[in-house]
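The values are calculated or read from the model by the stated rules, or taken from the named source; none is laboratory data. None of these values were measured; they are calculated from a predicted model. Methodologically, a virtual Cβ is constructed for each residue, glycine included, from the backbone with ideal geometry; neighbour enumeration extends over all protein chains shown. Quick note on the areas: whole protein, heavy atoms, side chains included, nothing else; ligands and nucleic acids left out. Shrake-Rupley method; radii C 1.70, N 1.55, O 1.52, S 1.80 Å.
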Amino acid sequence: MEDAFLLAKEKIFKSVDLEKLIADCSEGAVYKDGPNSFICMDSGCTGTSGRGAAGIKNGRLHCFRCDKWFDPISILEIKKGLSFMEGMLHLSEITGIELPRSKKEFTEDERREYVRQKRITEVLNKAAEFYHANLLSPSYPEAQKYLISRGKGKNAIMGFSMGVAGYNCLKELFPDYETNNFLIEAGLVRENENRERFDFFNNRIIFPFKNKKGDVVGFSGRVYKPSVDSKLPKYINSSASSGFDKSSEFFGWYQALEEIKKTRRALVVEGQFDVVSCHTSAFKNTIASSGASLSENQVRDLFANCDEIIFCFDSDYAGQGAALSAISNAMPLLTASKSVTFMRSPEGKDPDSFLSFKAEDMTKPKEVILAEAERRKTIFSDCINQRSHIHEVLVDLVVHKLRKRDNFDPSFSILKNPNVDPVFFASVQEELARIISRAKDNSMRSSLARSVALKLDVPVGDFFETVRSYNAVDSIQIPSYADVVDNSKDVRLNPVMCLASFVSAKKSFGKRSYDLINKAIDLGVDTPDLSFVRDLVRFSDSKNWTNLISDFLEFKKENPQHHSSVDKIIDYYIGTTQDLNDEQIEKNFLLAFDRASEFIDKLYIDEFSQTRDISSLSEKEITQFEEVERRYRASLSTRATSSRAFKVG
């Protein structure tokens, strides 16, 4: 069957019209620079004359500058974000050549979930087009007037597919509004206690969030009638229950990704209007997270496409808190070649307020407006060039956090301040050490620790010891195995660490956990929490766990790098391990084990997709990747089905 698949793949590749495929994937963008000369697919292929020229040879695109080859699958991956099997299915459809059934067919659960996600995407895209058409029509003059007052013209509206939602306007779009459950699953429609349906987004400016394929994954809606909507939240986002994950999505991702890859930098701002204004002013590598700060997953996604993340957050308490949270989440991913920096927006204004022109500004002569726009762009660009590194801002950010919102004063400093409370100064050192300890790169951790110690004017050696006393694993909460079922948040966020709770309960639990972690390492996946559980299981093999506390303390003595995690386990176990029978403990372990396995598969898929060149993989590597991807998809589908069944019941 493998041979049949490879033969089908070769036949498909020979049948593909590569030029048409490139044109379709480019969606109107320039992809040729001559009759038989194409632009290289690699955005990093640059030189004095721009990207390298490429030509088609033997069914592949070859760049004459960087000497890279791009087959149909790699082109679909770069341009459309399709996985290997998604790409093969797409090529199978456009060429009419069937793939072998064992490679092509999903299980029934996978097929059902695939259809469900496709339908949700369809209604989201359809709603986005409808909202956009509303804003371009004469039916919503107040929304148009509001955007003009914010300096947002037609180019900005078109570039980001901005729209407007009227009151329960989706009833006009969907004839099956009252019965179509995909509208509810997509987060577009809700039901009240009488099961009467209503639009989630009403009387709001709509900002669509698009993934790298260009499909809409969710929305953010902003009020635009202050006199009517003064009691409503200014912004609302698609809910997590609809599949919109705020910790994974960016506004402007689809529009900015190409420029981010080209410049190897991403500018991260706070709001959607900030993104629109930056793009309008030619800073096209700008995006915004949908939450207050960036999650570690978002930082990882950005670093897969660039080498530097520039944060530009507001100078108020919330903005400073978001900046500190972003540093903490980025810390495990920082290396000598992957960095984060901070810029201060000019005049203490957010990027939108500084760069955009209000309605009254537009009454001035055109040449005056253009000159002023250039002046602002120059100043903003200078601020980017004068951005600060982590060690230059970290101390002040921690100080602002610990002083709390009520005492926020951006001018306050503890540096060389004789009036600073010694207890407060010590707490600042502790928090700084905790954040720096999250850095996995030894050179980065040492460099930051030294720079911060010198800035604080404290002994470098003492501060190094404080940093060493922490561990990246320490920040992870470990629930008792009695709480695993109920404590869904811990299971969801830290499934591997949950396995640590079961090591002393039954030797077979430790053995199964150890086997799972070894499989993860064989796949090339290794993290601090995997290391901790592996070391704990190794130690437990020689123990009968008759004296629980004594055995854990012995492990702590032999493994000082895990001391804080052991303390947490001991704290959880005291008084919490006597209430469950064997059947319930087994059930809890299986839940944690399944989620840990799913978590490991996701790590592998993410790392594989970001670091491997699919066109150069062996058949064995492709098969392994497909097996893990299929297993992960099936796990998600099973859990989603169980969740929906529970809600219905």
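Would you point out which residue out of 159, 153 is of a type outside the set (Lys, Arg), modelled with pLDDT of 90 or more, within 20 Å of residue 274 (Cβ to Cβ) and open to solvent by 20 Å² or more (accessible area, probe 1.4 Å)? Please lay out each step first, then the result.
Working: 153 fails: modelled with pLDDT of 90 or more.
Being of a type outside the set (Lys, Arg), modelled with pLDDT of 90 or more, within 20 Å of residue 274 (Cβ to Cβ) and open to solvent by 20 Å² or more (accessible area, probe 1.4 Å) holds for just one of 159, 153, which is 159.
Within the group 349, 358, which residue is modelled with pLDDT of 85 or more and either under 20 Å from residue 300 (Cα atoms) or open to solvent by 30 Å² or more (accessible area, probe 1.4 Å) (or both)?
Working: 358 fails: modelled with pLDDT of 85 or more.
Result of the check over 349, 358: 349.
Quick one: in the range 309-341, which of the residues that are assigned to a loop (DSSP other than H, G, I, E, B) and open to solvent by 20 Å² or more (accessible area, probe 1.4 Å) is farthest from residue 399 (Cα to Cα)?
Narrowing the range 309-341 to residues assigned to a loop (DSSP other than H, G, I, E, B): 313-316, 334-338.
Those still in the list that are open to solvent by 20 Å² or more (accessible area, probe 1.4 Å) too: 313-316, 335-338.
Details: 313: 17, 314: 16, 315: 14, 316: 14, 335: 25, 336: 26, 337: 28, 338: 26 Å.
Ranking the qualifying residues of the range 309-341, first place goes to 337.
Taking the range 297-308 on its own, how many of its residues are open to solvent by 10 Å² or more (accessible area, probe 1.4 Å), of a type outside the set (D, E, K, R) and over 8 Å from the mean Cα position of the chain (by Cα)? Steps first, answer last, please.
We begin by selecting, within the range 297-308, every residue open to solvent by 10 Å² or more (accessible area, probe 1.4 Å); these are 297, 300-301, 303-305, 307-308.
Subset that is of a type outside the set (D, E, K, R): 297, 303-305.
Subsequent filtering for residues that are over 8 Å from the mean Cα position of the chain (by Cα) retains 303-305.
Result for the range 297-308: 3.
In the range 132-150, what residues are open to solvent by 60 Å² or more (accessible area, probe 1.4 Å) and among the hydroxyl-bearing types (Ser, Thr, Tyr)?
First, the residues of the range 132-150 that are open to solvent by 60 Å² or more (accessible area, probe 1.4 Å): 136, 138-139, 141-142, 145, 148.
Matches in the range 132-150: 139 only.
Hey, among the residues in the range 394-406 that are assigned to a helix (DSSP H, G or I) and open to solvent by 20 Å² or more (accessible area, probe 1.4 Å), which one's nearest to residue 453 (Cα to Cα)?
Here is the first cut: in the range 394-406, the residues assigned to a helix (DSSP H, G or I) are 394-403, 405-406.
Cutting the leftovers down to open to solvent by 20 Å² or more (accessible area, probe 1.4 Å) gives us 396, 401-403, 405-406.
Values: 396: 13, 401: 19, 402: 18, 403: 20, 405: 26, 406: 28 Å.
By that ranking, first place goes to 396.
Among the listed residues 294, 257, which satisfies the condition of being open to solvent by less than 40 Å² (accessible area, probe 1.4 Å) and more than 18 Å from residue 313 (Cα to Cα)?
257
Does residue 409 qualify as being open to solvent by less than 60 Å² (accessible area, probe 1.4 Å) and either in a loop (DSSP other than H, G, I, E, B) or at pLDDT below 90 (or both)?
Judged against the criteria, residue 409 is a match.
Return a yes/no flag: does the range 439-449 have any residue that is part of a loop (DSSP other than H, G, I, E, B) and without any contact (Cβ under 8 Å) to a residue 60 or more places away in the chain.
For the range 439-449, residues part of a loop (DSSP other than H, G, I, E, B) and without any contact (Cβ under 8 Å) to a residue 60 or more places away in the chain: absent.
Can you name the condition, by its number, that residue 288 falls short on among (1) outside any helix (DSSP H, G or I); (2) more than 20 Å from residue 160 (Cβ to Cβ)?
So residue 288 meets the others, but not (2).
Within the bounds of the range 448-457, is there any residue that is within 30 Å of residue 536 (Cβ to Cβ) and at pLDDT 70 or above?
Pass one, the range 448-457, residues within 30 Å of residue 536 (Cβ to Cβ): 448-449.
From what is left, the residues that are at pLDDT 70 or above are 448-449.
Yes: the range 448-457 contains one or more residues that are within 30 Å of residue 536 (Cβ to Cβ) and at pLDDT 70 or above.
For the range 220-235, check the following and say yes or no: at least one residue is modelled with pLDDT of 90 or more and among the polar types (S, T, N, Q).
Scanning the range 220-235 turns up at least one residue that is modelled with pLDDT of 90 or more and among the polar types (S, T, N, Q).
Can we say residue 214 is more than 21 Å from residue 313 (Cα to Cα), in contact with a Ser or Thr (Cβ under 6 Å, 6 or more places away or on another chain) and either open to solvent by less than 20 Å² (accessible area, probe 1.4 Å) or at pLDDT below 95 (or both)?
On the way: more than 21 Å from residue 313 (Cα to Cα): yes; in contact with a Ser or Thr (Cβ under 6 Å, 6 or more places away or on another chain): no; either open to solvent by less than 20 Å² (accessible area, probe 1.4 Å) or at pLDDT below 95 (or both): yes.
No, not satisfied.
Would a scan of the range 195-202 turn up a residue that is surrounded by fewer than 18 Cβ atoms within 10 Å (Cβ to Cβ), under 25 Å from residue 251 (Cβ atoms), in contact with a helix residue (DSSP H, G or I) (Cβ under 9 Å, 6 or more places away or on another chain) and not basic (Lys, Arg)?
no
Working only within the range 252-265, note down all residues that are over 19 Å from residue 339 (Cβ atoms) and either hydroxyl-bearing (Ser, Thr, Tyr) or within 10 Å of the chain's Cα centre (by Cα) (or both). Break it down stepwise before answering.
At the first step, the residues of the range 252-265 found to be over 19 Å from residue 339 (Cβ atoms) are 252-255, 257-258.
Once the filter is applied, which keeps residues that are over 19 Å from residue 339 (Cβ atoms) and either hydroxyl-bearing (Ser, Thr, Tyr) or within 10 Å of the chain's Cα centre (by Cα) (or both), the range 252-265 yields only 254.
Can you confirm whether residue 387 is open to solvent by 30 Å² or more (accessible area, probe 1.4 Å), among the charged types (D, E, K, R) and touching a strand residue (DSSP E or B) at 6+ places or on another chain (Cβ under 7 Å)? Even if it seems obvious, please write down each step before you answer.
Values: open to solvent by 30 Å² or more (accessible area, probe 1.4 Å): yes; among the charged types (D, E, K, R): yes; touching a strand residue (DSSP E or B) at 6+ places or on another chain (Cβ under 7 Å): yes.
So residue 387 fits the description; yes.
Can you tell me which residue within the range 110-162, out of those that are touching a Cys at 6+ places or on another chain (Cβ under 9 Å) and among the aromatic types (Phe, Trp, Tyr), is farthest from residue 357 (Cα to Cα)?
As a first pass, look at the range 110-162 and keep what is touching a Cys at 6+ places or on another chain (Cβ under 9 Å): 130-131, 134.
With the extra rule that they be among the aromatic types (Phe, Trp, Tyr), the set shrinks to 130-131.
Working: 130: 28, 131: 25 Å.
Across the range 110-162, the extreme among qualifying residues is 130.
How about the range 242-289: which of its residues are on the phi > 0 side of the Ramachandran plot and at pLDDT below 90? Quick ask: steps written out before the conclusion?
Step one: list which residues in the range 242-289 are on the phi > 0 side of the Ramachandran plot, which gives 243, 252, 264, 282.
The answer is 243, and nothing else.
Could you grab me the full set of residues in the range 169-199 that are more than 28 Å from residue 275 (Cα to Cα) and assigned to a loop (DSSP other than H, G, I, E, B)?
174, 175, 176, 177, 178, 179, 180, 192, 193, 194, 195, 196
Which one is most open to solvent (accessible area, probe 1.4 Å) among residues in the range 91-104 that are part of a helix (DSSP H, G or I) and modelled with pLDDT under 85?
Start the filter on the range 91-104 by keeping residues that are part of a helix (DSSP H, G or I), which leaves 91-95, 101-104.
If we keep only those that are modelled with pLDDT under 85 too, we end up with 93, 101-104.
Working: 93: 142, 101: 162, 102: 70, 103: 25, 104: 67 Å².
Among those that are part of a helix (DSSP H, G or I) and modelled with pLDDT under 85, it is 101.
Which numbered condition trips up residue 384, out of (1) modelled with pLDDT under 90; (2) closer than 30 Å to residue 439 by Cα?
Here residue 384 meets the rest and fails (1).
So which pairs qualify, if the first residue must be in the range 85-98 and β-branched (Val, Ile, Thr), the second must be open to solvent by 40 Å² or more (accessible area, probe 1.4 Å) and in a helix (DSSP H, G or I), the Cβ gap must be under 8 Å, and the two must be at least 6 apart or on different chains?
95/15; 97/11; 97/15
Within the range 244-251, can one find any residue that is under 24 Å from residue 329 (Cα atoms), without any contact (Cβ under 8 Å) to a residue 12 or more places away in the chain, under 24 Å from the mean Cα position of the chain (by Cα) and open to solvent by less than 70 Å² (accessible area, probe 1.4 Å)? Full working, then the answer.
In the first step, residues of the range 244-251 are kept if they are under 24 Å from residue 329 (Cα atoms); the result is 244-251.
Okay, now just the ones that are also without any contact (Cβ under 8 Å) to a residue 12 or more places away in the chain, so 245.
This time we only want the ones that are under 24 Å from the mean Cα position of the chain (by Cα), so: 245.
Cutting the leftovers down to open to solvent by less than 70 Å² (accessible area, probe 1.4 Å) gives us 245.
Within the range 244-251, one or more residues are under 24 Å from residue 329 (Cα atoms), without any contact (Cβ under 8 Å) to a residue 12 or more places away in the chain, under 24 Å from the mean Cα position of the chain (by Cα) and open to solvent by less than 70 Å² (accessible area, probe 1.4 Å).
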